[in-house]
1. So if I check each of 179, 192, 154, 164, which one is closer than 22 Å to residue 233 by Cβ and outside the structural domain of residue 27 (by TED's automatic domain parsing)?
2. List the pairs whose first member sits in the range 109-133 and is in a loop (DSSP other than H, G, I, E, B), whose second member is modelled with pLDDT under 95 and surrounded by fewer than 22 Cβ atoms within 10 Å (Cβ to Cβ), and whose Cβ atoms are under 9 Å apart, counting only residues at least 6 apart or on separate chains?
3. Give the residues of the range 134-164 that are surrounded by 17 or more Cβ atoms within 10 Å (Cβ to Cβ) and assigned to a loop (DSSP other than H, G, I, E, B), sorted by residue number.
4. If I filter the range 181-200 down to residues being within 13 Å of the chain's Cα centre (by Cα) and assigned to a loop (DSSP other than H, G, I, E, B), which single residue comes out as surrounded by the fewest Cβ atoms within 10 Å (Cβ to Cβ)?
5. Which ones in the range 213-240 are at positive phi and either surrounded by 22 or more Cβ atoms within 10 Å (Cβ to Cβ) or part of a helix (DSSP H, G or I) (or both)?
């Protein structure tokens, strides 16, 4: 193992949650640091302009800036392939690796890897998104054999506002979803402050929480050759 591991994180420009959360998650790992590069994302909707925010060229430009810092892995800490289709992230990872020579992963690809690892096909979905975006996510999971057995969403489209969703709102949505007894729940948005709730909600409900800020970190650590089990206090997924 090298003496230091640098995690490069691609961040939506209006996101205020994932950077402090990512840094807090990896803080106990003395050899690991997190570094961030932003590209413009302000709205989550199915409008053409909003979908165009996730054009690979914008993301690759941000990835190339991270490459200047000689990061060991690049992670897209965003959930856009949930509504664009999972192939969008597969293509993005290939292009990042081709352009920078650096291994890459994404929040959603890591989430899907975790679902496969534990043979989870009954999922609870919590997001701040609009109904049409949420339905796209549900449909895409159905396409890979994962049934969303319960979902909660807030019909918000302004990305900045996702970080204003309160702890009580998040807990309330998770408790509602848990009534359907999914095998796991996901808080599907990296601008929600949900990751710190994992330990408490898992103890209360007995259902693993796969928050997408955490899945990004999990995927990056694995890609960098580190064991995610070194992370403590942020939920069961790090021990999977």
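The values are calculated or read from the model by the stated rules, or taken from the named source; none is laboratory data. Just so it is clear, the model here is predicted, and its values are computed rather than measured. Here the Cβ positions follow ideal geometry from the backbone for every residue, glycine too, while neighbour counts run over all protein chains shown.
1. Matching residue, one of 179, 192, 154, 164: 192.
2. 118/240
3. Within the range 134-164, 146, 153, 154, 156, 157, 163 meet the criteria.
4. 193
5. Passing the criteria: only 235.
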